[in-house]
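Trainee: Dropping the structure in here first, questions after.
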Amino acid sequence: MPRRPLDEQHEAVLVDEALAALAVEPGGYYVDATFGRGGHTARILEAVGREGRVLALDRDPQAIAAGRARFADDVRLALIHAPFSQLAGLVPAHAQGRLCRGVLFDLGVSSPQLDDPARGFSFRADGPLDMRMDPTRGEPVSAWLARASVDEIREVIATLAEERFARRVAEAIGAARRVRPLERTAELAALVARAVRTREPGKHPATRTFQALRMHVNDELGELTRGLSAAVEVLAVGGRLAAITFHSIEDRVVKQFLKRASSVPPELAALPVLPPQVQPRLRLVGRKLRPSAAEQARNPRSRSALLRVAEKLA
């Protein structure tokens, strides 16, 4: 069987669950904050019908180019090359007075990004050590590794991937770059494999290090925090915020954000009347959801996915 082009290999996860979580209605206005290859966007467009509108964002210019080719004739969709931290400014400019009924975040990397060695996201194929979601901005991982101190590298790997052997990995990187710059994914993966003493079942020893470096150069946790805050601002009362995460660190950020936004500070809970600025802005909707066994069997990359949902209060 011929191999599908990279742009056709990405399968969106928890699609039915995400649409149910957003409570998508015909004629509504919705935001897909992480377009990817448009799996969620396509289903939202089906649900909103002829009168609905969708704004979709992505930091990756290749994703935007693929989306414009796929949805070239669909006037209901606005595709913008931008990080989701800019939601608060972009939604009012494109909603044209429509109320925003839902915002969806599908975090992490897409299959086309992982499967293209030229992007440098994967340790399974050799390529330039880049990992930028937006190759037109910022610095690649290779440049950061060349200038960061061993302690900075250790801190990033320990914090963003909870790697037990972060110091050994950082020291190995420091020793290797004294000989020559680290510029290839295969070189870094082999270095980490030698530094990590034990492997997690089914995982490459470089998995955590690559995750941490990718998250750092893209400021993924900072973007996520800003994006969630922006989503609350643009949502109409009763609108839904849904977030799909793929590992415990980003899920923790989402969980803690939703908890703070849906609860009263403990020191103020006993007040007879709460000041408006401390009243909950969200209410949690249901429990976290995981992909079904059938979806996990069909799409192994969905196995770690979690969906959390909240609704904006008056």
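The values are calculated or read from the model by the stated rules, or taken from the named source; none is laboratory data. This structure is a prediction, so every number in the text was calculated from the model and none was measured. Positions of Cβ are generated from backbone atoms using ideal geometry, with glycine treated the same way; all protein chains shown enter the neighbour counts. Quick note on the areas: whole protein, heavy atoms, side chains included, nothing else; ligands and nucleic acids left out. Shrake-Rupley method; radii C 1.70, N 1.55, O 1.52, S 1.80 Å.
Trainee: Within the stretch 229-247, is even one residue among the hydrophobic types (A, V, I, L, M, F, W, C) and touching a Gly at 6+ places or on another chain (Cβ under 6 Å)?
Mentor: yes
Trainee: Of everything in the stretch 232-253, what is closer than 18 Å to ARG101 by Cα and touching a helix residue (DSSP H, G or I) at 6+ places or on another chain (Cβ under 6 Å)? Give them in sequence order.
Mentor: Listed by number, the residues that qualify are GLU233, VAL234, ARG240, LEU241, ALA242, ALA243.
Trainee: In the stretch 176-219, which residues are crowded, with 22+ Cβ neighbours inside 10 Å and among the hydroxyl-bearing types (Ser, Thr, Tyr)?
Mentor: Matches in the stretch 176-219: THR185, THR209.
Trainee: I'm told GLN277 meets every condition in (1) part of a helix (DSSP H, G or I); (2) modelled with pLDDT of 95 or more; (3) more than 15 Å from the chain's Cα centre (by Cα) except one. Can you identify the failing condition by its number?
Mentor: (2)
Trainee: Still on this structure: Tally time: how many residues in the stretch 151-170 are assigned to a helix (DSSP H, G or I) and either touching a residue at least 60 places away in the same chain (Cβ under 8 Å) or buried (at least 16 other Cβ atoms within 10 Å of the Cβ) (or both)?
Mentor: 13
Trainee: Give the residue that is surrounded by the fewest Cβ atoms within 10 Å (Cβ to Cβ), with candidates limited to residues of the stretch 31-74 that are within 14 Å of the chain's Cα centre (by Cα) and part of a helix (DSSP H, G or I).
Mentor: Filtering the stretch 31-74 for residues that are within 14 Å of the chain's Cα centre (by Cα) and part of a helix (DSSP H, G or I), the one surrounded by the fewest Cβ atoms within 10 Å (Cβ to Cβ) comes out as ALA63.
Trainee: Mind checking which residues of the stretch 75-110 are open to solvent by 10 Å² or more (accessible area, probe 1.4 Å) and assigned to a helix (DSSP H, G or I)?
Mentor: PHE84, SER85, GLN86, ALA88, GLY89, LEU90, PRO92, ALA93, HIS94
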